[in-house]
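Accompanying notes for the structure given below.
The values are calculated or read from the model by the stated rules, or taken from the named source; none is laboratory data. What you see is a predicted model; the values in this text were computed from it and never measured. Cβ sites come from the backbone with ideal geometry, for glycine too, and all protein chains shown count toward neighbours.
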Ligand SMILES: C[S@@+](CC[C@H](N)C(=O)[O-])C[C@H]1O[C@@H](n2cnc3c(N)ncnc32)[C@H](O)[C@@H]1O
Ligand SMILES: *[C@@H]1O[C@H](CO)[C@@H](O)[C@H](O)[C@H]1NC(C)=O
């Protein structure tokens, strides 16, 4: 009898708690669902880019891959740097002719392919991508362009985690006096300065000269202020070599950047 009494008195409380709980579960489900949707939608862009390029380019031809990317970007939103910034980047790469290059932010492989096609014989690219799905798709596009694993390496992690491991992926070679002679940053402008500091700490910037290309996505006046302040304060080893709307090239040289880097804008 007492059990029935207890049950009946508890019933409203139980009902209330469970209905409240149901509301909370519903809210939670809604949040998880919209988060998952956003995640999937975010991934759709790179998957669509990949599918379009993969099925419409001539396999084995880097120039065809780049043209197909450009065609896609004419009608779709795409995170690739595109032909205009691409040509500005090409100019730097042709001048530097880096034997070892590092890219932060692989995305679908567009800028990786642009870099790889201009490296001198024996040249090697290490490219870093945070998102594992994107890294796989980017790697496939680089392979489709005709490049071999002996020429490039995709590292799937954050730039901060990757930088301390980069040295182990640089094979010693003639003319490689340690480190990389070109760095392309197009991952996250908030990371540009911390990653440059990490590259200095790990002694990954080739002491005889390294160009660091910063892609400008956000055209606001102080998007690159942190890193440019740092460079300005270290005139003994840094100078700004190229300054365009779409990119900035910083030149690093241990000791005497001034002598090499006074060329001004190119
Ligand atoms: C603007 S896209 C790069 C586009 C590429 N440069 C191109 O032209 O094809 C930026 C990429 O950097 C990746 N990313 C963002 N933050 C990162 C980080 N901290 N470390 C490594 N990759 C990052 C993103 O997942 C994205 O794929
Ligand atoms: C290949 O290109 C055609 C024509 O531009 C386009 O309609 C098609 O969707 C592309 N293929 C893929 C898989 O995106």
### Message
Take residue 113 and tell me if it is under 19 Å from the mean Cα position of the chain (by Cα), away from ligand 2 (no atom under 16 Å from the Cβ), farther than 27 Å from residue 229 by Cα and surrounded by 14 or more Cβ atoms within 10 Å (Cβ to Cβ).
### Response
yes
### Long-range neighbours under 7 Å by Cβ, at least six apart or interchain, first residue part of a helix (DSSP H, G or I) within the stretch 46-61, second more than 9 Å from ligand 2 (Cβ to nearest atom) and modelled with pLDDT under 95
48/76; 49/78
### Message
It is to be established whether one or more residues within the stretch 69-81 are within 12 Å of ligand 1 (Cβ to nearest atom) and under 30 Å from residue 208 (Cα atoms).
### Response
yes
### Query
Residue check: is residue 108 without any contact (Cβ under 8 Å) to a residue 40 or more places away in the chain, out of contact with any strand residue (DSSP E or B) (no Cβ under 8 Å at 6 or more places or on another chain), within 11 Å of ligand 1 (Cβ to nearest atom) and outside any helix (DSSP H, G or I)?
no
### Query
Of the numbered conditions (1) in the same structural domain as residue 213 (by TED's automatic domain parsing); (2) near ligand 1 (Cβ under 10 Å from one of its atoms), residue 87 satisfies every one except a single condition; which is it?
(2)
### Residue among 140, 103 that is in contact with a strand residue (DSSP E or B) (Cβ under 8 Å, 6 or more places away or on another chain), modelled with pLDDT of 95 or more and either within 14 Å of ligand 1 (Cβ to nearest atom) or assigned to a helix (DSSP H, G or I) (or both)
103
### Message
Can you find a residue that is near ligand 1 (Cβ under 7 Å from one of its atoms) and either part of a helix (DSSP H, G or I) or in contact with a strand residue (DSSP E or B) (Cβ under 7 Å, 6 or more places away or on another chain) (or both) anywhere in the stretch 115-126?
### Response
no
### Query
If you take the residues of the stretch 217-242 that are surrounded by 15 or more Cβ atoms within 10 Å (Cβ to Cβ), modelled with pLDDT of 95 or more and not in a helix (DSSP H, G or I), which of them is farthest from the chain's Cα centre (by Cα)?
237
